[in-house]
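Undergrad: Submitted below is the structure of interest, expressed as C-alpha cells.
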Amino acid sequence: AGATIVIAIGWYLRRRARYLALFQGFKGPAEHWLLGALYDILVAPKVGDGEPDVLRFWQTHLETFQDEACYLFWAFGRWLPFAQPIVILTDVKLVRAVLSPKNYGKFTKGLGYDAAMPLIGRALLALPDGDEWKLHRRIAQSAFRPMILSRTVAVATRLAATLSRNWGSPDKAIDVHPQMLKLAVDVLGQVVLSYDFASVQATRATDAPLYTAYKVILATMTRNSRYPWMRPIPDAANRRYWQAQRDLDGVIRSLLRSRSVAAPEVADDLLVHLMTDQTLTDQEVVDTVKTFLFAGHDTTAATLTWALYELAKAPALQDRVRGEVLCGTPSDCPPDPSSLGTLELLNAVVKEVLRLHPPAIFSRNAPRPTSVDVDGVTYVFPQKCEVLIVPWLLHRRGKYFRDPEAFAPDRWLGPDRAEDFSFPFSSGPRNCIGMNLALLEIQAALCHFLRHFAFRVDPAAAPPDTVCQQTLFPVGVSLIVERREEHVGPSQR
C-alpha cells in the first residue's frame with residue numbers, strides 16, 4: 001500500500017509539474033504555499049462590512065507588473081490539485097482581442113458565472129458561445145425596441161420622484177446606495193415585468209421583499225464563488241439564499257401564468273416580447289427575465305450613487321450640469337430619449353463615472369490551450385486558466401488616461417476622448433445587451449435629482465469604499481440633500 005501511495009504521488013507530481021511548466025512565461029506575485037494569493041486577500045485591509053479590499057490587492061500587483069500585458073496568481077497553492085490559475089489582463093489591446101469576434105468561441109464564460117447559475121440558469125450571461133447563445137441574444141436584443149426605451153425614461157423619472165419625495169432635510173444625511181438599489185430594482189420590475197416591487201415606497205425591509213432578496217442573493221453568491229465547497233452546505237446563509245431564489249422565481253412564474261400570449265396588449269414590457277416570440281421555453285423565459293434583473297439593477301445603482309457623490313464633491317460642476325438639464329429638458333414631463341442624448345455634459349459625467357467607477361468585472365475560461373494574437377505577439381492561455389478582466393484597474397492606468405485618479409468629465413468633451421480605452425459594458429459580440437436601457441435610466445434619474453435637489457458631501461462621514469462582490473459597489477456614500485426652491489435655469493429667467 002505504501003509503495004502504491006508513493007507511486008501515485010510521484011505520478012501526480014510529474015503530471016502537475018508539466019502543467020505548471022505551461023505558466024513559465026507568466027509573471028506574478030509571490031504566494032503562500034497552501035493558500036496561494038488567497039492568503040494575501042484574507043489578510044488585506046477590510047472595507048464595507050468586513051469584505052477584503054480585493055481591488056487594492058490587484059492594483060498593487062498591477063503597479064508591480066505594469067510593463068506586462070497580464071499577470072498570474074493562484075487561488076490556493078499551485079501544487080494542489082484544486083488550485084486555480086487566474087490571469088489578470090492589464091493591457092486594453094489584449095482585453096479587446098480576447099473579447100473580439102475573432103476569438104468568439106475560444107473561451108467559455110468564467111468560473112464566477114458558475115456561482116450565478118442557480119439564479120440565472122441557461123440564459124444570456126452564462127450560455128457558452130454558439131448557436132443557442134446567438135438565438136437568445138437575437139430574441140433579447142429585439143426586445144429593446146424604441147417604445148421600451150422611451151418607457152424606461154418615463155418609469156425612471158416617475159420612480160425617482162417617488163423615491164425622493166421625502167428628501168431635503170439639510171440636517172439629515174442620506175445613505176445613497178441603498179436608495180439607488182431600490183430605484184433600480186423597481187425600474188427594472190416595471191420595464192421588464194410591468195410589476196411593482198414597491199421598494200422605493202418601503203420604509204422597512206419586510207415591505208420590499210424582492211429588494212431584500214437580491215441583497216441576500218448577491219452576498220451569498222459572492223461567498224459561494226470564492227469558496228465553492230460552501231454551495232451545497234445548508235447553513236443559514238444558503239438557506240436564506242435558496243429562499244430568496246424561490247421568492248423571485250415565484251413572482252416571475254406567477255406573472256407568466258397570468259399573461260396570455262394571445263393578448264399581448266395586457267402590457268408592453270420585455271416579458272410579453274419574450275413570451276410572444278414563442279421560441280423560448282417557459283424556463284428559458286424565466287431565466288432570461290432573472291438575468292435582466294440580476295445584471296441590471298446593482299450596476300445601475302452603483303453608477304447612480306457614484307455620479308451623485310462625484311457631483312456633490314464638485315459644486316461648480318454640479319451647477320454646470322444642472323444648468324444644462326434645466327435648459328435642455330422639460331420641467332413638467334419626463335424627457336424623451338433623444339433629448340437626453342443632447343445633454344453633452346451630463347453624458348460626459350456618466351461616461352467619467354463609468355470610467356472611474358465601473359461596476360462590472362468580466363471573466364473567461366480557457367477550456368483548452370487558447371492563443372490570442374495582439375500586434376504580432378501571441379499570448380497562450382493554458383487549459384483551465386481563468387482570465388479576469390477588471391475595468392476598474394485598467395481605467396485607472398496613466399498609460400490610457402491622463403491623471404487617471406481624477407474625476408474629470410471634460411476629458412470626454414474634447415477631441416482626445418480615449419473612447420477605445422474605456423469598456424464598462426464589456427466589448428465584442430458579448431457586450432452588455434442592456435447598455436442603452438441602463439444609460440437612459442441613469443440619465444433620466446440624474447435629470448430629476450439635479451432639477452429638484454442640490455447635493456453636498458456629509459462632512460461627518462468618512463470617504464466611501466468600493467466593495468468587490470459579484471460586482472463593484474460603493475459603501476458609505478453619505479450626502480446632504482437640499483431641496484431647490486427654483487427649478488428655472490439662468491437662461492430661462
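Undergrad: So which lysines pass the test for Lys290, namely a Cα distance under 19 Å, with those fewer than 8 places away in the same chain ruled out?
TA: Straight-line reach from Lys290, under 19 Å: Lys109, Lys134, Lys182, Lys215.
Undergrad: Rounded to the nearest 500, what is the 222 nm mean residue ellipticity of the chain from helices alone, with -39500 (n - 2.57) per DSSP H run of 4+ residues and division by all residues?
TA: It lands at -15500 deg cm²/dmol.
Undergrad: Ok, one more. Among the aspartates and glutamates, which fall within straight-line cross-link reach of Lys399, defined as a Cα-Cα distance under 20 Å, with same-chain neighbours fewer than 8 residues apart omitted?
TA: Output for Lys399: Glu63, Asp67, Glu68, Asp91, Glu352, Asp375, Asp410, Asp416, Glu419, Asp420.
Undergrad: Taking amide H atoms as placed 1.01 Å from N in the peptide plane, list the residues 5 or more away in sequence, or in a different chain, whose amide H sits under 5 Å from that of Val387.
TA: Amide H neighbours of Val387, under 5 Å, 5+ apart: Val87, Arg364, Asn365, Ala366.
Undergrad: Also, quick follow-up: Positive end of the dipole of the chain, charges at C-beta (+1 Lys, Arg; -1 Asp, Glu), about the Cα centre: which of Thr152, Trp33, Leu99 has its Cα farthest in that direction?
TA: Trp33
Undergrad: Given a 1.4 angstrom probe, I'd like the percentage of the accessible area of segment 1-483 that is carbon and sulfur, rounded to a whole number.
TA: 57
Undergrad: Turning to a different aspect of this structure: What pairs from Lys27/Lys313; Lys102/Lys384; Lys351/Lys384 go past 28 Å between their alpha carbons?
TA: Lys27/Lys313; Lys351/Lys384
Undergrad: Also, quick follow-up: Thr108: net charge of surrounding residues, Cβ under 11 Å, Lys/Arg +1, Asp/Glu -1, itself excluded?
TA: After counting each charged neighbour, the total is +2.
Undergrad: In addition: Can you check what the net charge comes to around Ala366, using other residues whose Cβ is under 10 Å from the Cβ of Ala366 (Lys, Arg +1; Asp, Glu -1)?
TA: Here the charged neighbours net out to +3.
Undergrad: If you fit an axis through the alpha-carbon atoms of helix 435-452 and take the longest principal axis of the Cα set of the chain, what angle between them do you get, 0 to 90°, nearest 10?
TA: 40
Undergrad: GluC sites (Glu not before Pro), restricted to segment 339-446: which are DSSP loop and have at most 11 other Cβ atoms within 10 Å?
TA: Answer in residue order: Glu405.
Undergrad: Are there trypsin sites (Lys or Arg not before Pro) in segment 130-233 that DSSP marks as loop and that have at most 16 other Cβ atoms within 10 Å, and which are they?
TA: Lys172, Arg204
Undergrad: Here is a follow-up. For segment 1-483, what is the accessible area per residue in Å² when the probe is 1.4 Å?
TA: 43
The values are calculated or read from the model by the stated rules, or taken from the named source; none is laboratory data. For clarity, every value in this text was computed on a predicted model and none was experimentally measured. All Cβ positions, glycine included, derive from the backbone under ideal geometry; neighbour counts span all protein chains shown. Areas reflect the complete protein model, heavy atoms only, side chains present, ligands, DNA and RNA absent. Shrake-Rupley method; radii C 1.70, N 1.55, O 1.52, S 1.80 Å.
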